[in-house]
Amino acid sequence: MVTVVAPRTLRPALVVSLVGFAWWFFGNLYEAVVISPNWVTDSPAQLTRLHEFFVVTGPTLYFIPANPVAVVVFWAALVIGRRVLPRRLAAAALVASVLLVALTAVIVAVLVRGLFGADYLDHADRLVDYARWWNVANAVRMALTATCLVLVWRMLRRL
């Protein structure tokens, strides 16, 4: 016997996902417009100021746990609602969200570690390159997040 989930039970999960993806998008947009362009000019000095500024809190507290919750809830909704959700939208959103998570993992593992790790000044000669790559990768990440937002919104409208 195949159990079909009613669309009304998926709406809350998709709304949580939508809010989480919007949270993620606008957080990265703020960083892309206000903060990170400054890193490319005199990177060691700029990043030292940033390290000194973030003493009590930092961007991680903004993004965690909202972003992982958004993705996990979204993936759960895709699994639970696989017979109800529009297949093409769900497939496209799944691909975009997997790419988004993978790119974020690379950004955190390589670029954030290089820019904000305790030993960031040990490779001061590469900080400008890390900052430029972060700006490019963040633009791609914002495009993937916006794609997820649009696709989740479309799924919500079709339920």
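The values are calculated or read from the model by the stated rules, or taken from the named source; none is laboratory data. Treat the numbers as computed from the prediction; the structure is a model and nothing was measured. No Cβ is skipped: glycine too gets one built from the backbone with ideal geometry, and neighbour counts run over all protein chains shown.
Only one of these is within 18 Å of Trp23 (Cα to Cα) and aliphatic (A, V, I, L, M): Ala91, Ala70. Name it. Reasoning before the result, please.
Values: Ala91 fails: within 18 Å of Trp23 (Cα to Cα).
After applying the criteria, what remains is Ala70.
The residues on offer are Ala131, Ala92, Ala124, Ala137, and the sole one that is more than 22 Å from Ser36 (Cβ to Cβ), in contact with a helix residue (DSSP H, G or I) (Cβ under 6 Å, 6 or more places away or on another chain) and assigned to a helix (DSSP H, G or I) is Ala92. For segment 123-159, the tally of residues that are small (Gly, Ala, Ser) and within 14 Å of the chain's Cα centre (by Cα) stands at 4.
Please enumerate the residues belonging to segment 18-43 that are of a type in the set (A, V, I, L, M, F, W, C), touching a Leu at 6+ places or on another chain (Cβ under 7 Å) and farther than 28 Å from Val73 by Cβ. Of everything in segment 18-43, just one residue is of a type in the set (A, V, I, L, M, F, W, C), touching a Leu at 6+ places or on another chain (Cβ under 7 Å) and farther than 28 Å from Val73 by Cβ, namely Trp39. Scan segment 136-152 for residues that are in contact (Cβ under 8 Å) with a residue 40 or more places away in the chain and crowded, with 16+ Cβ neighbours inside 10 Å and the total you get is 11. From the list Val56, Val112, Val73, exactly one residue is modelled with pLDDT of 95 or more and among the hydrophobic types (A, V, I, L, M, F, W, C). Which is it? Within the list Val56, Val112, Val73, the selection yields Val73. For residues that are of a type outside the set (Gly, Ala, Ser) and surrounded by 20 or more Cβ atoms within 10 Å (Cβ to Cβ), scanning just segment 116-135, find the one that is farthest from Thr60 (Cα to Cα). So, considering only residues that are of a type outside the set (Gly, Ala, Ser) and surrounded by 20 or more Cβ atoms within 10 Å (Cβ to Cβ), the one farthest from Thr60 (Cα to Cα) is Leu127.
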